[in-house]
Each structure stands twice: as structure tokens, then as C-alpha cells.
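Below you'll find the structure, written out as C-alpha cells, and then a few comments.
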Amino acid sequence: MAAITSIPKGSQISPATERIYHQSNLIGDWKGTWKGNSQPVEFKVVNIRGQAATVEYTHNGHTERGIGEVNGATIDFGDVTIGTKNGQVAALEFSNGVGKQTAVLNKQPDASAQDQSKLVGSWSGFSPQNGHSAFFQVKSVDGRDAQVSFSADGKTIQTGAAIVFQNSVMFGNKGQFTTNNGVTGTVVVQIGNKSYSVPVTKNKPASTSSTNTVNKLA
């Protein structure tokens with residue numbers, strides 16, 4: 001059955017499953033504390049593809065990453081199970097046969113969407129320290145996938161798919177673009193056997209004033 005393409009972060013959930021279980025509600029970053037000891041716990045559902053979910057489970061100061069098993073409206077990952085009814089508050093249960101703990105988690109605002117919107121655009125700059133220039137265009141971002149065009153010193157390095165991680169776009173070992181504020185950033189480019197850092201600034205879109213004038217006159 002066809003997947004719902006509007007589900008975020010590259011997930012694939014069948015329409016029938018979504019209608020019954022609302023599995024898209026599970027996707028996101030969940031934070032809270034264990035009921036017994038008030039220690040912080042976090043469970044992040046990166047995406048859901050059929051009966052597999054990419055997850056990150058943080059407890060006792062360390063993070064476990066892997067694939068969880070989707071069972072209707074819940075996800076099992078090792079000794080923990082998470083479920084939510086409304087997509088805003090989730091219940092997390094740890095059970096290993098000896099002990100059991102529960103926690104109430106709240107879904108966090110999707111900061112990644114804000115970071116990703118900052119990445120989109122054309123960025124260019126020149127470094128007087130090393131004499132290299134760079135141009136990095138992020139055409140679109142979808143979860144952890146981006147479509148980009150990348151060149152250095154006027155020569156195209158690569159065009160196509162790249163990987164998104166937080167506020168950075170990475171082209172393997174060929175280059176990386178990072179911005180914290182959506183206005184200025186840094187491109188690290190691999191030239192030969194060395195890496196060079198080039199400061200870049202987002203290029204402003206072309207003015208549409210002339211087009212508006214023509215339309216008014218017409």
C-alpha cells in the first residue's frame with residue numbers, strides 16, 4: 001500500500017495504519033523524568049518505516065541508537081516501550097523482568113525544522129587567510145536529506161544529495177556547510193589532502209520590484 005509522503009523525516013507509514021494507530025504522532029523528541037528517581041530520560045523517534053523505527057534512547061547520561069519495533073501505537077526498543085494517544089504526551093515503560101520503571105514524556109518543539117529552514121539558500125564567501133572561495137547552495141531539505149550544489153574556487157565539487165545533521169549539511173569527506181543563525185556560516189572544503197575553512201554569507205534573493213512594476217503597468 002502506498003505510503004503517506006507527508007509524514008516527516010523520511011517516514012513511510014501506510015494510510016490504513018495511520019488511520020488506525022496514528023503512528024505519526026510518535027515521531028519527535030520526547031523528554032521527561034522517571035517516576036521513581038526523577039532522573040531525566042529522553043526518547044527520540046527519528047522516523048518510522050513500516051514496522052521499523054529509527055530511535056535514540058538517552059538515560060543515565062548515555063545515548064543508545066538503533067532500530068525499534070513498531071507495534072500498532074507503540075514502539076519497543078530493548079527493554080523500553082513508548083506510546084502516545086495525542087502526540088503531545090507519551091508514556092515510557094522500562095521492564096527487564098526484574099524491575100519496572102515508568103515515565104511521562106512531553107514532546108519537544110521541532111527545533112530541527114527551524115534549523116533546516118535556516119540552511120536553505122545560496123551561500124558564498126572568500127577566505128583571505130587561505131585564498132579559497134566557496135559557493136554552497138541548499139536547494140531543499142527533507143528530514144536528513146538535502147539537495148545541494150557545491151563549488152570551490154569556481155569549480156563544481158558536487159551537485160546532488162547530501163546529509164543533514166542539525167545545522168549542518170555534509171557531502172561525505174568532500175565538504176561541509178554549517179550555519180548557526182541563518183545569515184552567516186562556514187564551508188569546510190577538501191582540496192587535495194587538506195581541508196580549508198571559508199566564511200560564507202547568505203545571498204539575498206533577487207529583487208522583484210521590476211517585475212511588480214511591469215505587472216502594475218500591464
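Please give the FRET efficiency for Ser197 paired with Ala16, using the beta carbon to beta carbon distance and R0 = 41 Å, rounded to the nearest 0.05.
The calculated FRET efficiency here is 0.25.
For Kirkwood radius over Cα pairs in Å, the listed values are (i) 20.0; (ii) 17.6; (iii) 21.2; which was obtained by calculation from the structure presented?
For Kirkwood radius over Cα pairs in Å, the calculated option is (i).
Name the most mobile residue of Gly131, Gly83, Gly99, meaning the one with the largest mean-square fluctuation, in a Gaussian network model of the chain with Cα contacts below 10 Å.
With Cα springs under 10 Å in the chain, the top fluctuation among Gly131, Gly83, Gly99 is at Gly99.
Connecting C-alpha atoms closer than 10 Å in a GNM of the chain, tell me which of Lys44, Lys31, Lys204 has the biggest fluctuation.
Lys204
How much FRET efficiency would the formula 1/(1 + (r/R0)^6) give for Gln166 and Lys204, where r is the Cβ-Cβ distance and R0 is 25 Å, rounded to 0.05?
The computed FRET efficiency comes out at 0.50.
What FRET efficiency comes out for Asn37 versus Gln108 if R0 is 22 angstrom and r is the Cβ-Cβ distance? Round to the nearest 0.05.
Efficiency at R0 = 22 Å is approximately 0.55.
In the structure displayed, which of Lys31/Lys100; Lys107/Lys202; Lys31/Lys204; Lys31/Lys202 lie more than 29 Å apart, Cα to Cα?
Pairs exceeding the cut-off: Lys107/Lys202; Lys31/Lys204; Lys31/Lys202.
For segment 62-166, which trypsin sites (Lys or Arg not before Pro) are both in a DSSP coil and crowded by at most 11 other Cβ atoms within 10 Å?
Answer in residue order: Lys85.
Pop a pseudo-label 7 angstrom from the Cα along the beta-carbon direction at both Lys85 and Asn60 and give the gap in nm to one decimal.
3.2 nm
Measure off 7 Å from each Cα along the Cα-to-Cβ vector at Gln190 and Ser95, then give the distance between these two points in nanometres to one decimal.
Between Gln190 and Ser95, the simple spin-label model gives 4.8 nm.
FYI, it's all coordinate maths here, none of it is from the lab. Predicted model only: the values in this text are computed from it and were never measured. Positions of Cβ are generated from backbone atoms using ideal geometry, with glycine treated the same way; all protein chains shown enter the neighbour counts.
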